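J.: Could you have a look at this structure, given as structure tokens, before my questions?
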Amino acid sequence: MASERYDIIIIGSGPGGATMAWRLAKTGKRILLLERGDYLRRERENWDSRAVFVEARYQAPETWHSSSGASFHPGLHYFVGGNSKVYGAVLFRLRQEDFGEIRHKDGLSPAWPVGYDEFEPYYQAAEELYRVRGLRGEDPTEPPAPKPYAHPPISHEPRIQELFDGLRREGHHPFHLPVGAMLDEAADGQAAPHSACIRCATFDGYPCLVNGKSDAQVICVDPALRAHPNLTLLTNAFVERLTTDPSGHAVTGVEVIRHGEPLTFVADIVVVACGALSSALLLLRSANDAHPAGLANSSGQVGRNYMRHNNAAVMAISRTPNPTKFQKTLGLNDFYFGAEDWEYPLGHIQMLGKTDGVQVEADGLPAFLQWLPEKPFDWIARHSIDFWLTSEDLPLPQNRIYYRDGKVHLDLTETNTEGNMRLREKLRQLCGRLDIHPHLLDRTLYLGQDIPIGGTAHQAGTLRFGRDPASSVLDLACKAHDLDNLYVTDAGFFPSIGAVNPTLTIIANALRVADLIEARLKG
């Protein structure tokens, strides 16, 4: 295999790489998809909250270092499908305004070099490919979309429907979350007998034992392998470096370590999609005489401008029991662009996967409940209503990933944290009017215990695209300015990140870039 030449090599099988492989496999070109991990094992622990959240069974066993010198474990998952194996599958389009310049208290979120109109048809295709279930017209911030969702939204269970109705009575605009799930609902809202998704409580943050979640493996990798013999997947293949011709104008080799054995592969086009952080690291460790600061790094921007959102996972206590299983169905964007008492954007609120007693115990009993004679972990879980809050952070050049003394370092200066705290207060005030105790308790396990530095799930921006090679790494086709045959299709290309999950934009961009590569292949 090492002596064979491919037309295209794709590095990484997360949403950016898997979608690219799925799309380009249709061209008939010989494609090699490299994944440093293996298939995630389907086992009982997939749905065990202690194994997933407390023991971090599926998290990569890596240690990185912060600017303060402290070590931490990044929230990375090396499997076929990448981080999408454990994501919540809420697949939003960026708001149309997110493509323009937005002012925050701490500075400007820069405009994209292309507008929403360029992405809209690819957003539609991405939603259809990943079987997103949603309803247009409920969310006042949603961008223009000429077509409806191809699949109806996932219905709310009774307690969440009460919350939905209560928010509307308060004058707000709750909406059904756009969720990628292979769920067919029966008339009573339960999963139909033939449905792949069974509407369980272990959808958000867990691997899906029954392959009912629209992750990159299930949607793209496996179907493409079945349909196209010209596509080859090689697992347990860590790409150590990329080599170039003496001029440095083209990638000529992909050097891999697999089971301790060095291998080299060659292709006309190389697509890097390891995740924004790992892709930047790959280019940095590929430095050579022609690229002494790292591959594609004449601008000095490789690894810089890192973003990961200001996220908060919180639990509130309902005054009445909340027996909901599939809780991730409701969102609220009424504060996305600001509020009456705050002129800057606040961000996005959505439901989170349902807390169970194991998670409550592992997080530590909330201080205000310590007076109870027994520690009622299961009681708290039965009454919990769980939320995820997302606010935009800014792409600072000093926020970067790099190597020093052979170790990975990640520098992070937080921005726009006040907006996230104000969003949290808006939610707290709403709870007090919706039959929910007005206290918000942090769910640290869901985020990971090394937050904020270890919270890398929404990583973006380390290889930004742009028109000017002096200030960007990639051109508008997401091809490296400095090399003729190197593309990037993970979230590294983002100039800014908005305040919604970046995954659908990664998928849409992969489809966009795949069209450009196909046109190039046709001459």
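J.: Leaving out ligands, DNA and RNA but keeping every protein chain, what accessible area does Cys197 have, in Å² rounded to the nearest 10, with a 1.4 Å probe?
T.: Per-residue accessible area (Cys197): approximately 10 Å².
J.: Whole-Hz ³J(HN,Hα) for each residue in region 82-89, computed from phi via Karplus 6.51 cos²θ - 1.76 cosθ + 1.60 with θ = phi - 60°, x for glycine and proline: what do you get?
T.: Taking θ as phi minus 60°, the curve returns x, 5, 5, 5, 10, 7, x, 6 Hz for region 82-89.
J.: Let me ask something else. Using a 1.4 Å probe, what is the accessible area per residue for region 107-188, in Å²?
T.: Result: 43 Å² per residue.
J.: If you don't mind, another one. Need one number: convex hull volume per residue for the chain, Cα atoms only, in Å³. Spell out each step's value before the answer.
T.: Details: hull volume 77.4 nm³, N = 523.
Hull volume over Cα atoms, normalised by residue count, gives 148 Å³.
J.: I would also like to ask the following. Mind pulling the angle between the C-alpha long axis of helix 116-129 and the longest principal axis of the chain? Nearest 10 degrees, somewhere in 0 to 90.
T.: That works out to roughly 80 degrees.
J.: So, taking all protein chains as they sit and a 1.4 Å probe, how much accessible area belongs to His194, in Å² rounded to tens?
T.: 140
J.: Separate question: Could you list the trypsin sites (Lys or Arg not before Pro) in region 295-344 that lie in coil according to DSSP, counting only those with at most 13 other Cβ atoms within 10 Å of their Cβ? Working shown, then result.
T.: Details: sites: Arg304, Arg308, Arg319, Lys325, Lys328; in loops: Arg304, Arg308, Arg319, Lys325, Lys328.
Those that pass, being in a loop and sparsely packed, are Arg319.
J.: Express in Å², to the nearest 10, the accessible area of Glu118 obtained by rolling a 1.4 Å probe over the protein heavy atoms while all chains stay in place.
T.: Accessible area, nearest 10 Å²: 80 Å².
J.: With contacts defined as alpha carbon pairs under 8 Å and 6 or more residues apart, what's the relative contact order of region 231-332 in percent? Don't skip to the end; give the middle numbers.
T.: Details: 102 pairs, mean separation 17.5, N = 102.
So the answer I get is 17 percent.
J.: Moving on. Give, in whole angstrom and from largest to smallest, the semi-axes √(5λ) of the equivalent ellipsoid of region 89-201, with λ running over the eigenvalues of the Cα gyration tensor. Don't skip to the end; give the middle numbers.
T.: Numbers: eigenvalues 173, 77, 26 Å².
They are 29, 20, 11 Å, listed from largest to smallest.
J.: Under the rule of at least 5 residues apart or a separate chain, name every residue whose amide H is placed under 5 Å from the amide H of Leu474.
T.: HN-HN under 5 Å from Leu474: Phe465, Gly466, His481.
J.: Along region 498-514, what does the Karplus equation 6.51 cos²θ - 1.76 cosθ + 1.60 (θ = phi - 60°) give for ³J(HN,Hα), rounded to whole Hz, x for Gly and Pro?
T.: x, 9, 10, 3, x, 5, 5, 5, 4, 5, 4, 5, 4, 5, 4, 5, 4
J.: How would Phe53, Phe119 line up by accessible area, probe 1.4 Å, largest first?
T.: Values: Phe53 25, Phe119 0 Å².
Descending order: Phe53, Phe119.
J.: Largest first and in whole Å, what are the equivalent-ellipsoid semi-axes of region 457-523 based on the Cα gyration tensor, each being the root of 5 times an eigenvalue? Walk me through the numbers on the way to the answer.
T.: On the way: eigenvalues 83, 48, 13 Å².
Taking √(5λ) for each eigenvalue gives 20, 16, 8 Å, largest first.
J.: Return the distance in nm (one decimal) between the two label points of a simple spin-label model at His249 and Ala150, each offset 7 Å from Cα along Cα→Cβ.
T.: 4.1
J.: What residues qualify as long-range amide H neighbours of Tyr6, i.e. H under 5 Å apart, gap of 5 or more or another chain, H built at 1.01 Å from N?
T.: Under 5 Å from the amide H of Tyr6 lie the amide H atoms of Val266, Ala267, Asp268, each far enough along the sequence or on another chain.
J.: Find which of Asn333, Ala196, Cys431 sits farthest along the positive direction of the dipole of the chain, computed with +1 on the beta-carbon of Lys and Arg, -1 on that of Asp and Glu, about the Cα centre.
T.: Farthest towards the positive end: Ala196.
J.: Take the alpha-carbon centre of region 40-102, take the same for region 477-523, and report the distance between them in whole Å.
T.: 21
J.: A further question on this structure: Restricted to Cα positions, what overall size does region 43-95 have along the principal axes? Three whole-Å values, descending.
T.: Principal-axis extents of region 43-95 (Cα, largest first): 38, 34, 19 Å.
J.: In whole angstrom, note down how far apart the Cα centers of region 144-219 and region 109-141 are.
T.: Their Cα centres are 18 Å away from one another.
J.: Using a 1.4 Å probe over the heavy atoms of the protein chains, calculate the carbon and sulfur portion of the accessible area of the chain as a whole percent.
T.: Details: 9930 of 19900 Å².
Carbon-and-sulfur percentage of accessible area, whole number: 50.
J.: Using Cα pairs closer than 8 Å and at least 6 residues apart in sequence, work out the relative contact order for the chain, in percent.
T.: On the way: 1242 pairs, mean separation 118.9, N = 523.
In percent, rounded to a whole number, it is 23.
J.: Using each residue's phi in region 5-21, evaluate 6.51 cos²θ - 1.76 cosθ + 1.60 at θ = phi - 60° and report the 3J(HN,Hα) Karplus result to the nearest Hz, with x for Gly and Pro.
T.: Along region 5-21, the couplings run 9, 10, 6, 9, 10, 10, 9, x, 10, x, x, x, x, 5, 5, 4, 5 Hz.
The values are calculated or read from the model by the stated rules, or taken from the named source; none is laboratory data. Only a predicted model underlies this, so the values are computations on that prediction, with no experimental measurement involved. Glycine also receives a Cβ, built like all others from the backbone with ideal geometry; neighbour counts cover every protein chain displayed. Surface areas here come from the heavy atoms of the whole protein model, side chains and all, with no ligands, DNA or RNA. Shrake-Rupley method; radii C 1.70, N 1.55, O 1.52, S 1.80 Å.
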